[in-house]
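**Student:** Below is one structure. I have some questions about it.
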């Protein structure tokens, strides 16, 4: 009897140890799988963020180039020679002794003639002789 009790206790002890080790192994594998999965997701997110950072650095570089171009254009545009050139092209500036001549393209001349003809009305005799 004593040996059968010991034998049962050994069987129960071995069974308990086997169940405990199996549970420990399952929990360890589950935790390991969980950590590997999250490491993969974090790696993918890091790669995505690095690509985004590179894109943003490229945009920053192009915007800085554009800013430099605009600053140089502002410096050129604030000079007196450039302002005089622009005003001369628009016909708003002339030096003493100079005359401003404006040459209209042929289409605009024809448009002006048509506009003048439209302005002539049969009941207004003053518009007949323009």
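Laboratory data are not the source of any read-out in this text; all were calculated from the coordinates shown. Please read these numbers as outputs of a predicted model, since none were measured by experiment. Ideal geometry is used to build each Cβ from the backbone, glycine not excepted, and the neighbour counts take in all protein chains shown.
**Student:** For the residues 102, 18, what sequence is obtained by ranking on other C-beta atoms within 10 Å, fewest first? Intermediate values should be presented prior to the final figure.
**Tutor:** Working: 102 6, 18 10.
So the ranking, lowest neighbour count to highest, is 102, 18.
**Student:** On full extension of the chain, what length is gained from residue 61 through residue 74, given 0.36 nm per residue of separation minus the C-alpha to C-alpha distance?
**Tutor:** Details: separation 13, 0.36 × 13 = 4.68 nm, distance 1.99 nm.
Length difference between fully extended and current span is 2.7 nm.
**Student:** Among 51, 99, which comes first, then next, by fewest other beta-carbon atoms within 10 Å?
**Tutor:** Values: 51 10, 99 5.
Fewest-to-most Cβ neighbours within 10 Å comes out as 99, 51.
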